[in-house]
Structure formats: structure tokens, C-alpha cells
1. Please state which one of E49, E56 is surrounded by 10 or more Cβ atoms within 10 Å (Cβ to Cβ) and within 23 Å of the chain's Cα centre (by Cα).
2. Cβ-Cβ below 6 Å, separation at least six or inter-chain, first residue in the stretch 79-107 and under 30 Å from Y153 (Cα atoms) and without any contact (Cβ under 8 Å) to a residue 12 or more places away in the chain, second open to solvent by less than 70 Å² (accessible area, probe 1.4 Å) and not aromatic (F, W, Y): which pairs?
3. Mind checking whether some residue in the stretch 300-307 is of a type outside the set (A, V, I, L, M), in a helix (DSSP H, G or I) and either in contact with a helix residue (DSSP H, G or I) (Cβ under 9 Å, 6 or more places away or on another chain) or closer than 29 Å to L250 by Cβ (or both)?
4. On the basis of being in contact with a Leu (Cβ under 9 Å, 6 or more places away or on another chain) and at pLDDT 95 or above, does I53 make the cut?
5. Name every residue in the stretch 200-223 that is open to solvent by 30 Å² or more (accessible area, probe 1.4 Å) and either in a strand (DSSP E or B) or among the aromatic types (F, W, Y) (or both), in order of residue number.
6. Checking the condition open to solvent by less than 70 Å² (accessible area, probe 1.4 Å), of a type outside the set (G, A, S) and closer than 23 Å to G343 by Cβ, which residue from I68, I86 passes?
7. Which strands (runs of 3 or more DSSP E) does the stretch 95-199 wholly contain that include 2 or more residues that are open to solvent by 80 Å² or more (accessible area, probe 1.4 Å)?
8. Six or more apart or on different chains, Cβ atoms under 6 Å: show the pairs whose first residue is in the stretch 1-22 and closer than 23 Å to H73 by Cα and whose second is open to solvent by less than 70 Å² (accessible area, probe 1.4 Å).
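The values are calculated or read from the model by the stated rules, or taken from the named source; none is laboratory data. The structure presented is a predicted model; accordingly, all values stated were derived computationally and were not measured. Positions of Cβ are backbone-derived with ideal geometry, glycine not excepted, and every protein chain shown enters the neighbour counts. In case anyone asks, the SASA skips ligands and DNA or RNA and just uses the protein heavy atoms, side chains included. Shrake-Rupley method; radii C 1.70, N 1.55, O 1.52, S 1.80 Å.
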Amino acid sequence: MGAHLNAYTSREQTVYYAKCFAKDVDRSMNILADILQNPKLDEGAIDRERHVILREMQEVETNLQEVIFDHLHAIAYQGTPLSYNILGPTENIKSINRADLKQYIGQHYQPHQIYLAAAGGVDHAELVKLAEKHFGDMKTSHISEVEYPSARYSGSTLNHRDDAMGLAHFALAVEGCSWTNPDYFALMIANTLVGSWNRAQGGGRLMPSPFARKAYEQKHPQSYMSFNTCYKDTGLWGVYGVCEPDKDALRKFIGGVQSEWRRIFRSASPGEVQRAKNLLKTLLLAQCDGSTAVCEDIGRQMLTYARRIPLAEIDARIEAVTPAVLKKVMGEYVYDRDPVLVGLGATEGLPDQLLIKFQQSSGMD
């Protein structure tokens, strides 16, 4: 029928999805329901998928940005589930069997833990009827008694130096907030103010972010991007950057990131904040361009907020962030907080934890 079927896993959720013609929604939902309720878990298929995952793990290890973020989570959330990477350790992949999968499915694939979302050429009333048809027989066999420990953030530093790699990769972050925290949009605006930049894309002098213009004027920085990664009870807010191998330049680059954080805390102007708010609205709307992205957004909001947030409410919450609110939030999450810093590659100039901690508060009064 020409449909597309796939699945993916993040640190907090697993998604099964299908893209199909409007006339095939019933058949596609039937396939998804069958996958969730009647998995065969053939031993041969498990072995084949095991090799696929091991190959994926090798591919991830060549993506230095992915490696950096895995290390960032590992040291930021030591001893908690958020410290694990998504694929898991190699020994688990090699040893997992049918009984393990059946136990996991029986424990987690319960009706009260599943959301069904759709977007595009589908009628809501018809979708409800199809959900009752294909998922109506699902019964909650038990409420999961697994108690996951709360995320515990720890400021620390990890430096994996390998000068042969040619470039220095780093991520510097502080503990952010959860999806549902009232400070979420203020941190998103601060994230937008820091911005992103890549020397290969040009336009450095015309970038709206002051820090992007400064990075362009320096010789050694190659790129950076700000990020705000949220989970149900915590988050990581920071910057990922790439720099040429010069110890003084790397130290200056990372110091420049912290200096920009201090500048936003001290003196972000009303016009600058308004421009960041307008840009954030544009980015959020652009992320929902197409039925696939809209469907994912609906599912994510249902899992985190248990409701679909109207665009008017998002607009109002963004507009409610004033320079005074931004200053308060930056002071709460950045000022004198223990950061996490991960370095990979030619990182001779990576600052130590003491210097990073000092620069986190110096000048922010």
C-alpha cells in the first residue's frame, strides 16, 4: 500500500509511527496495533536486529556530536538512568533474548502508558473509532511497580584528549528545567539569544547573536550551537562547540561562552529580548512544518503536558518573558551553578573544573 513504517527510541519514550495515504489509515493502524499487542519476537529476527544495533552503535561512535552528548549525560547524571546512552552497553545487546523482551513489553506496553496521535488527512472522530477498533481490547494487566530514581545532577568535567583527531569538541552545560517547568520558555529565549554559528555557512558579521559575531571574528572557532534539552524532571542547557587545536583559543572560546551567559544575565536589552522571542516563535512554527512533525509534536505534548497546547497559549507564554524575568531565570539556573564540561579531541586547553566554576559566577553580580 506504499506506506512508511518505522520506530525510534529516545531517553524517555519509544515511538512507533506510520505514514500512509488517508485511505489506508485503518490498515496502517491495524499494523501498529498488531506490532504492539501481538509481537512474534522470533529468535532469528532478534539475532538479525542485534547485529543491526551493533552496527548502529559503530555509526554513532563516528558522530562526535552524539558521543559528546552521551558523555555529557553520563557525567551530569551519574548513577541515574539518564546517564545511560540510548543503545545501551554492548554486553546487554549481545545477551538480550526473547524472554527479556517479553518481560519488558509486558511491563511497559500497558494502555495507561500509550498515547495515539495523528495528523494530516485524518478525521478525529474516525480516528477515535479506529482506536476503539484496534486498541479497544487492550487491558491493563498490572500497573508498573518499577520506580525509577529521580535524575540527580552533578557538576563535573570529562576530558578525552586525542590530538590526532585534529579538532577540539566540547559541550558546556548547566542543569536546566523540565518540559512543564514555568521557566521553560525563558530558558528557550536565553538559548535563542546565544544562538548558533558555523564558519562554513558564512554571514558571521550579520548574525543577530553578539556571541556569533565574536566567534566569527576569532581565528580558531569553527562552529557552535546552543541547546536546551528537557526531560520530565530535569534538563541540560548549554553550548556545543568545535574549535581548531590551540589551547589558548579553546580556553578563550569556552570563556567567551560563559561571558555571553553573564552578558545576558546582566544587560540583555528589551529590543534584543523581543527579537529573540520573535525568532523563537518562528523556529517553533517551522518545526511543525508537515504532518509528520505535527504528529510528533502532539505525541510529545500529550506525554509531557497531557494536553495539546494551543499556539495562542505558547505565544502568550513567550511574550510574558521580559528582560527582568530573563535575568531572574538566568540567575537561578546559571549564576554560581556547577557546570558540566566534556572535551573530546585536541583538548589540551580545556579549562579545569575550578576555572569553569569560577567563570560561572565571576562578573555576574
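1. Numbers: E49 fails: within 23 Å of the chain's Cα centre (by Cα).
Selected residue: E56, the only one of E49, E56 that is surrounded by 10 or more Cβ atoms within 10 Å (Cβ to Cβ) and within 23 Å of the chain's Cα centre (by Cα).
2. Within 6 Å, the pairs are S83/H73; S83/A74.
3. No.
4. no
5. We begin by selecting, within the stretch 200-223, every residue open to solvent by 30 Å² or more (accessible area, probe 1.4 Å); these are 200-203, 205-208, 213-214, 216-220, 222.
Across the stretch 200-223, the qualifying residues are Y216, Q222.
6. Details: I86 fails: open to solvent by less than 70 Å² (accessible area, probe 1.4 Å).
None of the other options fit; the residue is I68.
7. Counting at least 2 such residues, we get 157-161.
8. So the pair list comes out as Y8/V15; E12/Y231.
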